[in-house]
Amino acid sequence: MNGRARSIVRLTLVVLLLGGAVLCRTDVAVGQAVLGDVPLKRTGTDSPGGRPTAVFPHWRHRLFFTCNVCHPAIFPMKGGETAVTMDDVQEGRFCGLCHNGKIAWGVSISACARCHTRQ
């Protein structure tokens with residue numbers, strides 16, 4: 001399969017996923033960490049009842065994208081090398097490059113539990 005065909009297949013899968021036609025890992029609830037997920041390094045401390053550490057669902061992204069979509073231009077290949085802040089994401093850096101409300105769901109108060117999960 002050539003690069004254009006792979007891109008069309010990936011785009012089709014993303015459209016189907018966003019439309020609800022494809023269900024991935026139905027045993028995993030939104031905000032639930034699973035094997036292969038990457039907890040992002042936190043600079044502050046968790047307070048009782050406060051926002052938990054963000055967890056990146058690496059396995060879910062790898063279903064649709066090759067490594068070079070994010071690595072090394074956005075994130076180095078080695079985990080924990082990049083400090084990602086909410087300001088960065090909201091300003092369109094790191095996760096915010098795609099999670100901007102146009103390409104993928106945007107960052108908002110109502111979406112906190114999608115990333116900030118108890119492990």
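Being assigned to a loop (DSSP other than H, G, I, E, B), β-branched (V, I, T) and at pLDDT below 85 is true for just one of V34, V84. Which residue is that?
V34
From (1) touching a residue at least 40 places away in the same chain (Cβ under 8 Å); (2) in a loop (DSSP other than H, G, I, E, B), pick out the condition that doesn't hold for K102.
(1)
Anything in segment 67-87 that is closer than 19 Å to T53 by Cβ and more than 13 Å from the chain's Cα centre (by Cα)? List them, or say none.
Just the residues of segment 67-87 that are closer than 19 Å to T53 by Cβ, to begin with: 75, 78-87.
Across segment 67-87, the qualifying residues are K78, G79, G80, E81, T82, A83, T85, M86, D87.
Hey, can you tell me all the residues within segment 49-81 that are in a helix (DSSP H, G or I) and more than 21 Å from G106 (Cα to Cα)?
Narrowing segment 49-81 to residues in a helix (DSSP H, G or I): 58-62, 67-69.
Listed by number, the residues that qualify are C67, N68.
Looking only at residues in segment 88-119 that are at positive phi and over 12 Å from the mean Cα position of the chain (by Cα), which one is surrounded by the most Cβ atoms within 10 Å (Cβ to Cβ)? It would help to see each step written out before you state the result.
At the first step, the residues of segment 88-119 found to be at positive phi are 92, 94, 101.
With the extra rule that they be over 12 Å from the mean Cα position of the chain (by Cα), the set shrinks to 92, 101.
Details: G92: 13, G101: 11.
Going through the qualifying residues, I end up with G92.
The values are calculated or read from the model by the stated rules, or taken from the named source; none is laboratory data. All of these numbers come straight from a predicted model, not from anything done at the bench. All Cβ positions, even for glycine, are placed from backbone atoms using ideal geometry, and neighbour counts span all protein chains on display.
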